[in-house]
Amino acid sequence: FVYVAYEDQGLEIFHYEGMQNPFQPVEPTGLQYTIVVNDAQIDEEPLIQYDVIGVFDGGLCVGAVSYEGQWPLTMTAYQADPDNGLPGLAPGHEMLFRIWSSVLGMELPAEAEYTLGDGTFGFFPLSQVSLQGQSTSLIFPDSLDFSTWIGDSTTVNLPVINTGDMLGMVFSIV
């Protein structure tokens, strides 16, 4: 569970144990490819702590790293080891990136800008990228109105209104 409150001075984050990596990377094969992530954003806003970046070869997650508040990040992707039956990346295949937003609770595609490498696994001893995730397909209303029952017959209306400039989300009201 992550609770995020936007304040004038910055971002307040409460992290509760039990959060898992939303990406399921392959098991380490011993055949490593290093990717340095210089920076990543979602909708031109910086990542927050506990967002996760995953790198994929097609639909297979071959590496992931959690953002802990400091750049750059070093991510290890693992090459397939067919001799031992271990799946992984194939040299020469295109790298695809996705970002898990802990605030939005979903994974988003990310465009990569390479400062080192050509966008394929194994082109150089390592790749260096900056990432831009997009959530532009998401639409959130400025206000929501919840009705709930208390006891047998009492209904309580609970309006939730976002009057700020930042994205506000309600995951559940219990």
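The values are calculated or read from the model by the stated rules, or taken from the named source; none is laboratory data. This structure is a prediction, so every number in the text was calculated from the model and none was measured. Glycine also receives a Cβ, built like all others from the backbone with ideal geometry; neighbour counts cover every protein chain displayed. Remember, those area values only see protein heavy atoms, side chains included, never the ligands or the DNA or RNA. Shrake-Rupley method; radii C 1.70, N 1.55, O 1.52, S 1.80 Å.
Numbers at a glance
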item: Some residue of the stretch 116-125 being at pLDDT 95 or above and outside any loop (DSSP other than H, G, I, E, B); result: yes
item: Every residue from the stretch 37-67 that is in a loop (DSSP other than H, G, I, E, B) and not aliphatic (A, V, I, L, M); result: Asp43, Glu44, Gln49, Tyr50, Asp51, Gly58, Gly59, Tyr67
item: Subset tally (residues that are surrounded by fewer than 19 Cβ atoms within 10 Å (Cβ to Cβ) and touching a residue at least 12 places away in the same chain (Cβ under 8 Å)) for the stretch 107-121; result: 9
item: Qualifying positions in the stretch 73-110 - part of a strand (DSSP E or B), out of contact with any Leu (no Cβ under 7 Å at 6 or more places or on another chain) and of a type in the set (D, E, K, R); result: Glu94, Glu107
item: Test: Tyr50 is out of contact with any Phe, Trp or Tyr (no Cβ under 6 Å at 6 or more places or on another chain), at pLDDT below 95 and surrounded by fewer than 20 Cβ atoms within 10 Å (Cβ to Cβ); result: yes
item: Every residue from the stretch 69-85 that is touching a Phe, Trp or Tyr at 6+ places or on another chain (Cβ under 8 Å) and either of a type in the set (D, E, K, R) or open to solvent by 60 Å² or more (accessible area, probe 1.4 Å) (or both); result: Gln79
item: Filtered residues of the stretch 53-68 (kept if open to solvent by 50 Å² or more (accessible area, probe 1.4 Å) and closer than 19 Å to Val26 by Cα); result: Gly59, Leu60
item: Long-range neighbours under 9 Å by Cβ, at least six apart or interchain, first residue without any contact (Cβ under 8 Å) to a residue 12 or more places away in the chain within the stretch 43-54, second open to solvent by 60 Å² or more (accessible area, probe 1.4 Å); result: Glu45/Met166; Glu45/Leu167
item: Single match in Asp39, Asp8 (criterion: open to solvent by 40 Å² or more (accessible area, probe 1.4 Å) and at pLDDT 95 or above); result: Asp39
item: Only listed residue being open to solvent by 30 Å² or more (accessible area, probe 1.4 Å), among the hydrophobic types (A, V, I, L, M, F, W, C) and either within 21 Å of Leu126 (Cβ to Cβ) or touching a helix residue (DSSP H, G or I) at 6+ places or on another chain (Cβ under 7 Å) (or both), chosen from Leu96, Leu89; result: Leu96
item: Yes/no for Glu27 being charged (D, E, K, R) and assigned to a loop (DSSP other than H, G, I, E, B); result: yes
